[in-house]
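Working notes for the structure below.
Rule-based calculations on the coordinates, nothing more; no lab input. Here the structure is a predicted model, which means the values were calculated and not measured. FYI the Cβ positions are ideal-geometry reconstructions off the backbone, even for glycines, and counts take in every protein chain you see.
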Amino acid sequence: MSELHFLSPDRARSEDLFAPRFASPLARVLAGTTSVLDLSQLGKIEVRGDVDAIDVEAEVVRITPRRALVLCPYEQCAELRARLPGLVIDMTGALAGLELEGEQAMRRLTDLDLEGLPAAGKVAEVPALVLRDGSRFRIFFPQEFAHYVGEVVLDVLEGIE
Amino acid sequence: MRLPEQLNERIDRSRPVRFFFAGRVVEGFEGDTIGSALFASGQRVFSRSFKYHRRRGLLCCSGGCPNCMMRVDGVPNVRVCTEPVREGAHVHAQNVLGSLEHDLLAAVDHFGGPFTPVGFYYRTMIRPRSLWPLYERFLRNVAGLGRLDKHAGRTRRFDTEHRRTEVLVIGGGRSGREAARSAAAAGRQVVLVDERGAPADGAFEVLAPARAIGIYEGGLVPVDAGNVLYRFRAERIVVATGALEQPLLFPGNDLVGVHLPGAVRRLVDEWSIKPGERAVIVSADERGLAVADKLERAGTSVVERIDLRSAPPRQLAARGSRGRLRSVVVDGREIECDLLVMSGGRQPAYSLLAQAGARVEYDAERGIFVPSDLPSNVEAVGSAAGEQEPAAVPAATFEGAEGAGRCFVCVCEDVTEKDVKRAIAEGFDSIELGKRYTTVTMGPCQGRLCHVPSIRLFARENETDEKAIGTTTARPPWAPVSLGLLAGRGHEPTKRTSIHHRHEEAGATMMWTGFWRRAHSYEHAANEALNVHRGVGVIDVSTLGKLLVQGPDAARFLELLYPNRFGDMKVGRIRYGVLGTDAGRIMDDGTIARLGEDQYYVTTTSTGADTVIEWFEWWNAVWGLDVETVNLTGALAAVNVAGPRSRELLGRLAQIDTSNEGISYLDAKETYVAGVPCLILRIGFVGELGYELHFASPYGEYLWDALLEYGADLGIRPFGLEPQRILRLEKMHILVGQDTDSESNVLEAGMPWIAKLDKEDFVGKWALEHVQERGFREQLVGFEMTDGVVPAEGGQIVLGGRPAGRVTSSRLSPQLGRAIGMAWVRPELAHEGAEIDIKVNGGFARACVRLKPFFDPEGERLRS
Ligand code: FES
């Protein structure tokens, strides 16, 4: 069985000639903005199986009774991959993430019930996972949509100012 | 000219506002609407009607009729009676050729009668057909309301906002506010929306001016607030939309100077304007008669009051000149006047309720339609629910008089009493048919003014009652909405690979494939293809669908899904697979690599990825096997390094033995490439020695750069989708969707080895067996042109003058120097060297059928 090393960005290693550079898919669109934080390099590990058996020091977001996303600092990915139960898939590179402030902006980005977060639904028309801490929101979505989502988010924020 | 300060006036006389109308400067005050300011400046004609170009004035003065639509700062169809004044605005009349006073198109009113009868667009200007271009030009010029500036850019922003609330109250009148207050007092979260500018209230949120434009399933209420479209979801919806003042149907009822009571009330109360000199009031209710006091206060003398409840006249007609009211004839008496206030009672504004699913019933006593049986989440209060003062039921129409104009049922679409009668005589006697034929209720007022009167007229003409005629279906939008608001911001969901920006920086021509942006080519497609044959090229294939299939039943699962066999594969090997539908048709293709005993890595086509992933998940749920499928499409970037020198390049970067023994054709190996962990698939879609590297997306740009840097001396160049298409065609590798359609199966597509019909079962097996039994009807083959012309894709293949197939792909191969392609042909043509004729530019071109790949037919280069 392959351990799917090629899925995990943190397994890249600098060698004498090579120094792999992690690039966020939001880097270009968010360059020069301070209102939106880029969370793309956060560790994001998907667990399938017995979600209740997850016992780690990290934020666990349940998506279904059999599926959860564990969020952690990038450096912690390796340790968590080893400790998490069930089928463990490193989604760090798959999902882009951003954090923004303000309920009104969110109301213009998604039809999700902001009182019922975390939840999965559409943000700027693309599938996303949304988390809330007070008036701050974190959104995770497929990285291939990142540049587009970034543009929409900045545009929405501009419309509110 | 304004009256002295009125008690509730809305204008702030200390703050003048100036705007332009038809080249002159008009002055109003803060608090005015463009309409009120124009009226105060003496303007009485506000528009020309839709069909006959008749002069029209402020009939309702509350945003409910078509009479005051103008172009304001380039935006057509603005109802100026409710549009607040703004400094420097440019206001123009629309639907006129000339000016409001001298509109050349008014000729239609004088001479057009016989040419524009009801339903004229169904029967005139059709013959002779040869004149259609002429008719069309004319019709396009006169049709429609307002004009859009074709060169206009985006001038304002529109946003959409999703809102939730416990209680949504629509309408800020007395009942609406009461309902909102009591819900708020009961601790509910309440939002009230109001078309007019209802004032704020401490107890609940007020959105105004904002207009609910419909009630959809699930309690969705879109609210138009000008620049923002609110999509409300409410647990409870309270409809307090009030009632609509109804006009009376009598000859001359569209003259300038004929108003509904509300218009007069607003002109006097809110803007302190004297609406006329001599007024006649004809009213079915107290409200209508009550404007007499206001008029007197404003200095207008009320010369006649006719109460339809006590003494309804038989005859009522208005006479005018130049479109303006001059006198009213009542039962033989002519009364001079310049103002006629008409009131046919008030009809509950039930449209939103009906949209929500309420029933609407006719109340014969009161002569109105009343909503009933409301859905449980919707409530009606106040006049919308039918609570209102008693009123007389007016006659369907009144008798006319010599010299009085036409009797209009619908002012939006210029439908007259005569038109309705004629439609009924022609057999359009049901209200739904009559509506479509005459277009009554289909104009900008959306039936506010013409719905009930037209039903009443239909009832009289059909010698039945309103109940039997019934209402037409109420549909959103209840009020006109600008397309800009519905469209919202111009964002288009777009997928970009993690290498995307490198392609743009390299000046690639980008193209859409599904949601993806991909490089078509960088400079010259043919050269990019040649570079792959001669040296080494690299293409971004991150868009490929990628799936992990893992679990004890993984092999079984795949064998059930695909016609192929996978259980016999060795770990570390790759197989080409074609996915079929339950009808045995080709759905997608890709490679399947066995990474472990119970672990497979599957790739799909770029555009088919989402469908295939759903397909996998769906069958997984159906079969309940012990297997997990994980979508890794976006998690991984992928590049294909191809060409005779690709091995040398990989050798410099990868930590494995890249010799043919180290990694041979159709091997899958994991290793580090330039420090990045990769899965290397040695496959050959483009026909040369090649390696597909799959690795974590965040390293897309890094690895792309590394390949270009370390391959520079080998002549590496990126290649796009177009050169890839040439290369794969040289190898006769199919493109699903291009060379196949919804009818194609693997047997007829020339890939019989894919279908393992001796397997117990797989999706679509029965269909392939059936194809085998019935024999082939067509086959997918290659062809080579004898004279080098490239036929169009989709081009017809002809045999003895009859269609015998079609071209699916065709290109000029720079490597072979020949025009090649693939085509579906009849089975008798599917043999090496068969000659076929292909339609090209009106003539025919000869081609030879080829069954083996045009390039490297034995695959020696692929395996080298
Ligand atoms: S007068 Fe403006 S809409 Fe009726």
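B:Lys759: which aspartates and glutamates have alpha carbons under 18 Å from its alpha carbon, excluding same-chain residues fewer than 8 sequence positions away?
Within the straight-line limit of under 18 Å, B:Lys759 reaches these aspartates and glutamates: B:Asp553, B:Glu559, B:Asp568, B:Asp582, B:Glu769, B:Glu773.
Neighbouring Cβ atoms within 10 Å as the yardstick, rank B:Val409, B:Val17 fewest first. Walk me through the numbers before you get to the answer.
On the way: B:Val409 29, B:Val17 21.
Least crowded to most crowded, the residues run B:Val17, B:Val409.
At 0.36 nm per residue, and after removing the present C-alpha to C-alpha distance, how many nm does the segment from B:Leu714 to B:Ser430 gain when stretched out fully?
Working: separation 284, 0.36 × 284 = 102.24 nm, distance 8.01 nm.
Gain on extension, B:Leu714 to B:Ser430, equals 94.2 nm.
Report the one residue of B:Thr473, B:Ile754, B:Pro453 whose Cα lies farthest in the direction of the positive end of the charge dipole of chain B (charges on C-beta: Lys and Arg +1, Asp and Glu -1; origin at the Cα centre).
Farthest along the dipole direction, towards plus: B:Pro453.
Using alpha carbon centroids, what distance separates region B:351-377 and region A:65-131, in Å?
46 Å
With a 10 Å cut-off between alpha carbons and a GNM built on chain A, which of A:Gly150, A:Gly121, A:Gly32 moves the most?
A:Gly32
Hey, rough spin-label estimate for A:Glu75 and B:Ala208, points 7 angstrom out along Cα→Cβ, what's it come to in nanometres?
Once both label points are built, they end up 5.9 nm from each other.
Assuming a viscosity of 0.890 mPa s and a temperature of 25 °C, what translational diffusion coefficient in µm² per second does Stokes-Einstein assign to chain B, Rh being the Kirkwood radius over Cα pairs? Show your work: numbers first, answer last.
Numbers: Rh = 33.1 Å.
Answer, rounded: 74 µm²/s.
Could you calculate the FRET efficiency of B:Arg846 with B:Glu743 from 1/(1 + (r/R0)^6), where r is the beta carbon distance between them and R0 is 45 Å, rounded to 0.05?
0.95
Using the Cα gyration tensor of region B:776-864, with a ≥ b ≥ c the square roots of its eigenvalues, what is the shape: rounded (a/c below 1.5), prolate (a/b larger than b/c) or oblate (neither)? Don't skip to the answer; put the middle values down first.
Values: a/c = 2.34, a/b = 1.43, b/c = 1.63.
Oblate, because a/c is 1.5 or more while a/b does not exceed b/c.
Quick one: which of B:Lys570/B:Lys731; B:Lys570/B:Lys765; B:Lys570/B:Lys756; B:Lys274/B:Lys467; A:Lys44/B:Lys495; B:Lys150/B:Lys418 span more than 29 angstrom between C-alpha atoms? Can you show the working numbers first?
Details: B:Lys570/B:Lys731 26 Å; B:Lys570/B:Lys765 25 Å; B:Lys570/B:Lys756 18 Å; B:Lys274/B:Lys467 41 Å; A:Lys44/B:Lys495 20 Å; B:Lys150/B:Lys418 38 Å.
In this structure, B:Lys274/B:Lys467; B:Lys150/B:Lys418 lie more than 29 Å apart at Cα.
Only Lys, Arg, Asp and Glu count, each charged at its Cβ (+1, +1, -1, -1), so figure out the dipole size of the protein assembly as shown about its Cα centre, rounded to 20 debye. Let's see the in-between values first.
On the way: 122 positive and 139 negative charges, 699 e Å.
Dipole of the protein assembly as shown, to the nearest 20 debye: 3360 debye.
Calculate one ³J(HN,Hα) per residue across region B:90-100 by plugging θ = phi - 60° into the Karplus curve 6.51 cos²θ - 1.76 cosθ + 1.60, and present them in order as whole Hz with x for glycine and proline.
The phi angles translate into 10, 10, 9, 6, 10, 6, 10, 10, x, 10, 4 Hz.
Name the shape class, rounded, prolate or oblate, that the alpha-carbon gyration tensor gives for region B:140-295, where a ≥ b ≥ c are the square roots of its eigenvalues, rounded holds for a/c under 1.5, and otherwise prolate holds if a/b is larger than b/c and oblate otherwise. Please list the in-between numbers first.
Values: a/c = 2.26, a/b = 1.29, b/c = 1.75.
Verdict is oblate for region B:140-295.
In region A:37-142, which GluC sites (Glu not before Pro) fall in coil by DSSP and have 15 or fewer other Cβ atoms within 10 Å? Intermediate results must be reported in sequence, preceding the final value.
Working: sites: A:Glu46, A:Glu57, A:Glu59, A:Glu75, A:Glu79, A:Glu99, A:Glu101, A:Glu103, A:Glu115, A:Glu125; in loops: A:Glu57, A:Glu125.
Counting only loop positions with at most 15 other Cβ atoms within 10 Å, the GluC sites (Glu not before Pro) in region A:37-142 are A:Glu57, A:Glu125.
Say R0 is 35 Å: what FRET efficiency, to the nearest 0.05, do B:Arg154 and A:Glu115 get from their beta-carbon distance?
Values: r = 34 Å, r/R0 = 0.97.
The value I calculate is 0.55.
Could you state the number of Å between the C-alpha centres of region B:470-506 and region B:209-246?
Between the Cα centres of region B:209-246 and region B:470-506 lies a distance of 21 Å.
Measuring from label point to label point, each 7 Å out along Cα→Cβ, what is the B:Trp623 to B:Ser41 span in nm?
Those two pseudo-labels are separated by 7.7 nm.
Which FRET efficiency value, to the nearest 0.05, is calculated for B:Lys756 and B:Glu361 with the Förster distance at 45 angstrom and r the Cβ-Cβ distance? Intermediate results must be reported in sequence, preceding the final value.
On the way: r = 67 Å, r/R0 = 1.49.
That pair, B:Lys756 with B:Glu361, gives E of 0.10.
In degrees between 0 and 90, to the nearest 10, how far off the longest principal axis of chain A does helix A:146-160 point, with axes built from Cα atoms?
Helix A:146-160 and the main axis of chain A meet at about 30 degrees.
Percent antiparallel among DSSP beta bridges with both residues in chain B, to the nearest 5? If you can, show how the numbers build up before the last one.
Numbers: 126 of 167 bridges.
Bridges in chain B that DSSP calls antiparallel: roughly 75 percent.
Suppose only helical runs count, i.e. DSSP H with n ≥ 4. What mean residue ellipticity at 222 nm does that imply for the protein assembly as shown under -39500 (n - 2.57) per run, divided by all residues and rounded to the nearest 500 deg cm²/dmol? Before the final figure, lay out the partial values.
Values: 26 runs with 219 residues, N = 1025.
Result for the protein assembly as shown, helices only: -6000 deg cm²/dmol.
According to a simple spin-label model (label point 7 Å from Cα along Cα-to-Cβ), what is the distance in nm between B:Glu773 and A:Glu103?
So the label points at A:Glu103 and B:Glu773 sit 6.5 nm apart.
If packing is taken as the mean number of other Cβ atoms within 10 Å per residue, what is the order of B:500-507, B:742-749, B:589-596, highest first?
The peptides rank, most packed first, as B:589-596, B:742-749, B:500-507.
Starting with the fewest neighbours, write out B:Arg496, B:Arg48, B:Arg556, B:Arg322 ranked by other beta-carbon atoms found within 10 Å of each beta-carbon. Don't skip to the end; give the middle numbers.
Values: B:Arg496 24, B:Arg48 27, B:Arg556 16, B:Arg322 10.
Arranged by neighbour count, lowest to highest, B:Arg496, B:Arg48, B:Arg556, B:Arg322 become B:Arg322, B:Arg556, B:Arg496, B:Arg48.
Calculate, in nm to one decimal, what B:Glu661 and B:Leu812 gain on full extension: separation in residues at 0.36 nm each, minus their alpha carbon distance.
Extending this stretch completely gives an extra 50.9 nm.
Out of residues 5 or more away from B:Leu799 or on other chains, whose amide H comes under 5 Å of its own, with H placed 1.01 Å from N in the peptide plane?
B:Ala804
What does the charge count near B:Leu131 come to, summing +1 for each Lys or Arg and -1 for each Asp or Glu among other residues with Cβ under 15 Å from its Cβ? Write down the numbers at each step before the final one.
On the way: positive: B:Arg123, B:Arg127, B:Arg129, B:Arg137, B:Arg140; negative: B:Glu136.
Combined, the nearby Lys, Arg, Asp and Glu give +4.
Top mean-square fluctuation among A:Thr92, A:Thr33, A:Thr110, Gaussian network model of chain A, C-alpha springs under 10 Å?
Checking each option, the largest mean-square fluctuation is seen for A:Thr33.
What area, in nm² and to one decimal, does the C-alpha convex hull of the protein assembly as shown cast on average over all directions? If you can, show how the numbers build up before the last one.
Working: hull surface 200.1 nm².
Mean orientational projected area (the protein assembly as shown, Cα hull): 50.0 nm².
Taking the number of other C-beta atoms within 10 Å as the exposure measure, put B:Ser283, B:Ser321, B:Ser376 in order starting with the fewest. Can you show the working numbers first?
Values: B:Ser283 26, B:Ser321 10, B:Ser376 7.
By the 10 Å Cβ count, ascending, the order reads B:Ser376, B:Ser321, B:Ser283.
Can you list the residues, at least 5 places off or on another chain, whose amide H is less than 5 Å from the amide H of B:Val169, using H built in the peptide plane?
Under 5 Å from the amide H of B:Val169: B:Val191, B:Leu192, B:Val193, B:Val238.
What is the sum of charges around B:Val798, taking Lys and Arg as +1, Asp and Glu as -1, for the other residues whose C-beta is under 10 Å from the C-beta of B:Val798?
My count for the surroundings of B:Val798 gives +1.
How well do other chains shield peptide B:634-645, expressed as the mean number of their Cβ atoms within 10 Å of each residue Cβ? Each step should come with its number before you reach the end.
On the way: counts 12, 17, 5, 3, 0, 0, 0, 0, 0, 0, 0, 0.
The shielding value for this peptide is 3.
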